[in-house]
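Asks: Take a look at this one; I'll ask things after.
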Amino acid sequence: MDTRSYVIEEASKLFYENGIKAVRMDDIAVHCSMSKRTIYELFESREKLLEECTDSMMSRLSTLFDNIASKAQNVLEEFWLVFSASFDKPKVGRLLRELSKLYPALAKKMSEKHYYQTLDQNHKKLQKGVQEGLILSQLDLDYFAVTFTNYIFGLPEAEKFVPADTKTAIMIYMRGMCTEKGREFIDKQLLKIA
């Protein structure tokens, strides 16, 4: 691993664990056992390093979700597996909210790159679910795609709709959008792993 990649990986861990505001360039330098000057030679600014770290974290998260989804029998199981995996990643949402407060332009750039790509993928998956007869055709798929994507990204809009027992809430939400065939699949398959 080259020095630049090493710094991105280690700084990403620090930002993820401690939050953006709490991590200073001095902290990153000490953690990486190098001078702050070396870090500034690799990255012109803290914002540039943060951009690289956020991009790296979001790409890894996307790859993780793609790998998880590839094991699914259909779109319902795919959504459930991705939701379940996102339960274990609450710090990503916190990090994105903090990014939008402290670095709004950078947050917008990351959103345009990762959020809209995921939104488009979720919309296509919902359409596939309609074609498979698992999801009701009369639903507003745009709304559901936005809601799912907001939840996966841990955005505040999603938190307004999710009660304390998140897994139960997501299961009820998914059952509500399904056809009878989809509800049968949930009852027979997903409730076993919930």
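Asks: What percentage of the solvent-accessible surface of the chain, computed with a 1.4 Å probe over protein heavy atoms, is contributed by carbon and sulfur atoms?
Replies: Numbers: 5460 of 10380 Å².
Roughly 53 percent, rounded to a whole number.
Asks: Also: With only Lys, Arg, Asp and Glu charged, each at its Cβ (+1 for the first two, -1 for the last two), find how big the charge dipole of the chain is about the Cα centre; round to the nearest 20 debye.
Replies: Values: 28 positive and 28 negative charges, 46 e Å.
The calculated dipole for the chain is roughly 220 debye.
Asks: Can you tell me the 0 to 90 degree angle between the C-alpha axis of helix 90-102 and the longest principal axis of the chain, rounded to 10?
Replies: 60 degrees
Asks: Something else: Helix 116-131: angle to the longest alpha-carbon principal axis of the chain, degrees 0 to 90, nearest 10?
Replies: 10 degrees
Asks: Tell me which residues come under 5 Å, amide H to amide H, from C178 once H is placed; ignore anything under 5 positions away on its chain.
Replies: Hits under the 5 Å cutoff: L136.
Asks: Looking at (1) 1, 7, 12, 13, 11, 9, 7, 6, 7, 7, 7, 5, 4, 2, 1, 0; (2) 1, 7, 15, 18, 17, 13, 9, 8, 6, 4, 2, 1, 0; (3) 1, 6, 12, 13, 12, 12, 12, 11, 8, 5, 3, 2, 1, 1, 0, 0, 0, which value of P(r) over Cα pairs in 5 Å bins from 0, in percent comes from a calculation on the structure shown?
Replies: (2)
Asks: Could you order the peptides 105-117, 49-61 from most to least packed, using the average number of other C-beta atoms within 10 Å per residue?
Replies: Working: 105-117: 15.1, 49-61: 19.2.
Highest-to-lowest ranking by the protection proxy: 49-61, 105-117.
Asks: Multiplying the sequence separation of S59 and D2 by 0.36 nm and subtracting their Cα-Cα distance, what value in nm do you get? Could the numbers behind the result be given before it?
Replies: Numbers: separation 57, 0.36 × 57 = 20.52 nm, distance 1.86 nm.
Gain on extension, S59 to D2, equals 18.7 nm.
Asks: Return one whole number: the accessible area per residue of the chain in Å², for a 1.4 Å probe.
Replies: On the way: 10380 Å² over 194 residues.
Per residue, the chain has an accessible area of 54 Å².
Asks: Also: What distance in nm separates the two pseudo spin-label positions at K124 and S137, each 7 Å out from Cα along the beta-carbon direction?
Replies: 2.2 nm
Asks: Which value, to two decimals, describes the C-alpha radius of gyration of segment 3-52 once divided by 2.2 N^0.38 Å? The partial results should precede the final answer.
Replies: Values: Rg = 9.4 Å, N = 50, 2.2 N^0.38 = 9.7 Å.
So segment 3-52 has a normalised radius of gyration of 0.96.
The values are calculated or read from the model by the stated rules, or taken from the named source; none is laboratory data. These numbers come from a predicted model, not from an experiment. With ideal geometry, Cβ positions are generated from the backbone for all residues, glycine too; neighbour counts draw on all protein chains shown. The area values use the complete protein model at the heavy-atom level, side chains included, leaving out ligands, DNA and RNA. Shrake-Rupley method; radii C 1.70, N 1.55, O 1.52, S 1.80 Å.
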